[in-house]
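The values are calculated or read from the model by the stated rules, or taken from the named source; none is laboratory data. Owing to the predicted nature of the structure, the values given are computational and were not obtained by experimental measurement. Glycine also receives a Cβ, built like all others from the backbone with ideal geometry; neighbour counts cover every protein chain displayed. With ligands, DNA and RNA removed, areas are computed over all heavy atoms of the protein, side chains included. Shrake-Rupley method; radii C 1.70, N 1.55, O 1.52, S 1.80 Å.
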Amino acid sequence: MPMIKKDLIEEYKSLAATCACTDYSDKASVKSRNKAVGRMYKIVEAIANEQTPETPNEFADLLDIPEHKISLWAAVHILERLPTDKEKEEKALTIIKTESQGDSADAIGYQFWLKNWNENNK
């Protein structure tokens, strides 16, 4: 059965929602999150390798969806795995830089991510 054009992008959004409601004190919830993240990477890789009807440009539209940190997940995945233009790269970096503000565990994680990214993309 052929895939409907938005199926993988819609699945990606629902996976981000799964991640957003992770209860880190619940082993099953963390396992579900980890499984969701793995599937998100598979979706991005399939799009990057042109194995889907979805295109990198369609995927980049996720940068405009803040709910469930979809834009943040997409920003990281675009920069790590997808071919992109300068405009989308800048937009993705801005989203990640915003998330890296402060001293929460997540913010510190994104500070390290940005440091690594900058070192590898000089």
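Could you check, for region 97-111, whether at least one of its residues is in contact with a Phe, Trp or Tyr (Cβ under 7 Å, 6 or more places away or on another chain), open to solvent by less than 80 Å² (accessible area, probe 1.4 Å) and among the β-branched types (Val, Ile, Thr)? Within region 97-111, none of the residues are in contact with a Phe, Trp or Tyr (Cβ under 7 Å, 6 or more places away or on another chain), open to solvent by less than 80 Å² (accessible area, probe 1.4 Å) and among the β-branched types (Val, Ile, Thr).
Return yes or no: is Tyr24 closer than 24 Å to Phe112 by Cα, modelled with pLDDT of 95 or more and open to solvent by 40 Å² or more (accessible area, probe 1.4 Å)? No: the conditions fail for Tyr24.
Here is a yes/no grid of residues against (1) of a type in the set (Val, Ile, Thr); (2) in a helix (DSSP H, G or I):
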residue: Thr22; (1), (2): yes, no
residue: Glu54; (1), (2): no, no
residue: Ile70; (1), (2): yes, yes
residue: Ala75; (1), (2): no, yes
residue: Leu79; (1), (2): no, yes
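One line per residue, one yes/no per condition, for (1) closer than 23 Å to Lys122 by Cβ; (2) surrounded by fewer than 14 Cβ atoms within 10 Å (Cβ to Cβ):
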position	(1), (2)
Val30	no, yes
Ala48	yes, no
Pro53	no, no
Leu62	no, no
Ile65	no, no
Trp73	no, no
Leu79	yes, no
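For the structure I just gave you, tell me whether Ile43 is of a type in the set (Val, Ile, Thr) and open to solvent by 20 Å² or more (accessible area, probe 1.4 Å). Considered against the rule, which asks whether it is of a type in the set (Val, Ile, Thr) and open to solvent by 20 Å² or more (accessible area, probe 1.4 Å), Ile43 comes out as no.
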